[in-house]
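Beneath this line is the structure, given in structure tokens, with notes to follow.
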Amino acid sequence: MPDGSELHHGFFGDPRTWVSIAFVIFVALFGARLWKVFVGLLDKRTEEVKAQLAEAARLRQEAEAMLADARHQREAAAKDAEELMERARIEAERVGKAAEAAAAAAARRREQMAMDRIAAAEKSAVDGVRFAAAEIASAAAERVLREGLSNEADAALIDHAIAGLPAALSARRAA
């Protein structure tokens, strides 16, 4: 039978045994609590990460919605710009046609005014020629009556009156 000294120097006498037993008792007593604290910390960190991921997903959805809205607004603005350009082109064509019609009407009015002036000038010239011819004829008749001319003198007087007609017309126009 072993004496008590062997017990102190054997398995239970080894300090590593007592450290191991103390470790097992410590783990048995406090391990569950430490495990709960450790798991609690990990759970808390997990929840924080999940919250950050959820926030990131929400922010991404908002960014995607803003991007889609911006694209829609850009497309709407491009469409509005195209419509505006088309309306401006149509308006420019309309204004151009109106200006062309106004110019044509003004040209027709000017042409008509010129034609009226020409007709008035022709009438005035014809009236002047008639008046000058009447004055010449009247002067010739007066002279014939005063002088009692012969056929030769009468023919010379008519020739003289015809030759003086351009000079009389020029004097009439100058007046």
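The values are calculated or read from the model by the stated rules, or taken from the named source; none is laboratory data. Worth saying up front: this structure is predicted, and the values here are computed from it rather than measured. Accessible surface is based on the protein model in full, side chains and every heavy atom, while ligands, DNA and RNA are left aside. Shrake-Rupley method; radii C 1.70, N 1.55, O 1.52, S 1.80 Å.
State whether the residues of segment 152-170 include one that is on the phi < 0 side of the Ramachandran plot, under 52 Å from the mean Cα position of the chain (by Cα) and open to solvent by 70 Å² or more (accessible area, probe 1.4 Å).
Looking through segment 152-170, none of the residues is on the phi < 0 side of the Ramachandran plot, under 52 Å from the mean Cα position of the chain (by Cα) and open to solvent by 70 Å² or more (accessible area, probe 1.4 Å).
Looking at the structure I just gave you, is Trp18 assigned to a helix (DSSP H, G or I), among the aromatic types (Phe, Trp, Tyr), at pLDDT below 85 and open to solvent by 100 Å² or more (accessible area, probe 1.4 Å)?
Criteria not met by Trp18.
Within segment 92-122, can you find the residues that are open to solvent by 80 Å² or more (accessible area, probe 1.4 Å) and either under 16 Å from the mean Cα position of the chain (by Cα) or among the small types (Gly, Ala, Ser) (or both)?
Result: Glu93, single match.
Need the failing condition index for Phe12 against (1) in a helix (DSSP H, G or I); (2) open to solvent by 80 Å² or more (accessible area, probe 1.4 Å), just the number.
Evaluating Phe12 over (1) in a helix (DSSP H, G or I); (2) open to solvent by 80 Å² or more (accessible area, probe 1.4 Å) leaves (1) as the failure.
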